[in-house]
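Everything below concerns the one structure shown next.
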Amino acid sequence: MTKNKLFLTNTLSRNKEEFKPQTPGKILMYVCGVTPYDNAHIGHGRCYVTFDVLYRLLQFLGNDVAYARNFTDIDDKLLNRAEKELGDRLRYQEIAEKYIKSFTQDMHDLNCLTPTFQPRATQTIDAMIDLIQRLIEKGHAYVVDGDVYYAVRSFPEYGKLSKRQLEDLQAGARVEINDKKRDPLDFALWKTEPEGTFWKSPWGYGRPGWHIECSAMASTLLAPHIDLHGGGMDLIFPHHENEIAQSEGVYGPNFANYWLHNAFVRINQEKMSKSLGNFFTIRDIFKEFDPMVVRFYYLNHNYNIPLDFSHDGLQAAEKSYKRLVRVFEDVNADAITNEQLQQSSIIEKMLSFLCDDLNTAGVFGVLFENLDQLKAKPEEAAMVKRFLNIVLGLTLLPLKEKIVEITPGIQALIDQRETARVAKDWAMADKIRDQLRAMGVELQDKKL
């Protein structure tokens, strides 16, 4: 289906642009992964489901895609967690292993395809040291007592991704006491550590800064110039801005031709954070909702619009997803080929939305408008099911029945509702029914 043109909102230009890879039919895509010091949260879920759909779509359109998503397995957060949990910051790899395994399971449960490459920062140290050395040689970095810093003012285009001016950044910069940096805006490329710990470098023992890791992994596994770089909106500044400065400081423009960022997940109109007590891991949500319902919920909201995450929203998504499962339950789509999918006018409409900046909400609008028609057209239903399987990543398998323990509190509500029904207080009966439904209890009424 290479005839379909794909349009994406490029953060670099702030415009929706036609996506044209450097080499037609071959795409290099890098997405920033997690720092594995804790279980992945629902914001991570949204990000990686978004880029999984893009990965699937690019392949569906006939492209050969090299997709890299990294693990930042050396970082202050990991060292602090190791110190707190294990009493030794140097045991950070044990923490990383635990949460890489957890993240991998979460992605599997969400039916995200495995990327072509899943590099770990600790496996790319030599490439980072080489990149830092070249930045020093080109006058973009300097050494102070074993630390290496990037000289932000040496890169005139700094701020082009985030649209920030150096003067504004300077005004907001906090100058630390005894700071070794020449300029408050400069950032660390290499951090000195005690002799014999971490990695040996031309500047002494130490470890890499966060930003240099992605520049090195992207250029090593993909190329110095890639087609698309993605991640959450929170990474635009400073992380992605610094990646550009590093990579283009050595290799010249453009590090990435397209930058794609998904919007935040919010709870009650606020950005999710542990400090606000509104923090949910993916695993927290899986305790109550099937992973496919969670994936479907994410995709009902366009990636570049903030998602106000709610229990009610998940329940509504579950109801809609169950409807899809019922419609496609007896439809066999295993033998359908990509060529056959071109025969479906419904898929053509769905694909046009998906190729318009990943408008997944529009895709589902077309789908639900045509559900009744699909029931009467088994051949086209098979095609649509196949499209939902391979491009949207929805398995459409029947959901496991939830087992709800009838606690004394739940039984009391059931009894109160029955009393209200006998008294023909239908408003109260409906209110209690909704309350029970929110608790996962569905009642089947008998005639009075």
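Per-structure values
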read-out	value
Neighbour net charge for residue 343 - beta-carbon separation under 11 angstrom, K R +1, D E -1	-4
Stokes-Einstein D for region 286-396, Kirkwood Rh over Cα pairs, 20 °C, 1.002 mPa s (µm²/s)	149 µm²/s
Likely footprinting exposure, 107, 428, fewest C-beta neighbours within 10 Å first	428, 107
Computed over region 7-265: relative contact order in percent, which uses C-alpha pairs under 8 Å that are six or more apart	24 percent
Net length gained if the chain between residue 205 and residue 179 were fully extended (0.36 nm per residue, minus Cα distance)	7.4 nm
Nearest-ten-degree value, helix 241-251 long axis tilted from longest Cα axis of the chain	50 degrees
Helical mean residue ellipticity (222 nm; -39500 (n - 2.57) per DSSP H run of 4+; nearest 500) of the chain	-13000 deg cm²/dmol
Gaussian network model of the chain, springs between alpha carbon atoms under 10 Å - residue of 53, 363, 144 with greatest fluctuation	144
Part-to-part distance (alpha-carbon centres) for region 1-73 and region 274-322, which is given in Å	21 Å
Highest-fluctuation residue, 246, 342, 93 considered, GNM on the chain with Cα pairs under 10 Å	342
Relative contact order for the chain, counting Cα pairs under 8 Å that sit 6 or more residues apart, in percent	17 percent
Part-to-part distance (alpha-carbon centres) for region 178-218 and region 337-405, which is given in Å	48 Å
Net charge contributed by nearby residues that have their C-beta within less than 10 Å of residue 445 (K/R +1, D/E -1)	+4
Extension reserve of the residue 76-residue 157 stretch, reckoned as 0.36 nm per residue once the Cα distance is removed	26.3 nm
Chain lengthening between residue 284 and residue 88 when straightened (0.36 nm per residue, less Cα-Cα)	67.7 nm
Length-normalised contact order of region 1-133 in % [C-alpha pairs under 8 Å, at least 6 apart]	27 percent
Proximal charge balance of residue 125 [Cβ under 12 Å; K/R count +1, D/E count -1]	-1
Inter-probe distance in nm under a simple model that places probes 7 Å from Cα toward Cβ, at residue 338 and residue 312	4.2 nm
Principal-axis tilt of helix 125-137 within the chain, Cα atoms, nearest 10 degrees	50 degrees
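All of the numbers you see were taken from the coordinates with simple rules; none came from a lab. Just so it is clear, the structure is predicted and the values come from calculations on it, not from any experiment. So basically every Cβ, Gly included, is an ideal-geometry build from the backbone, and we count neighbours across all protein chains shown.
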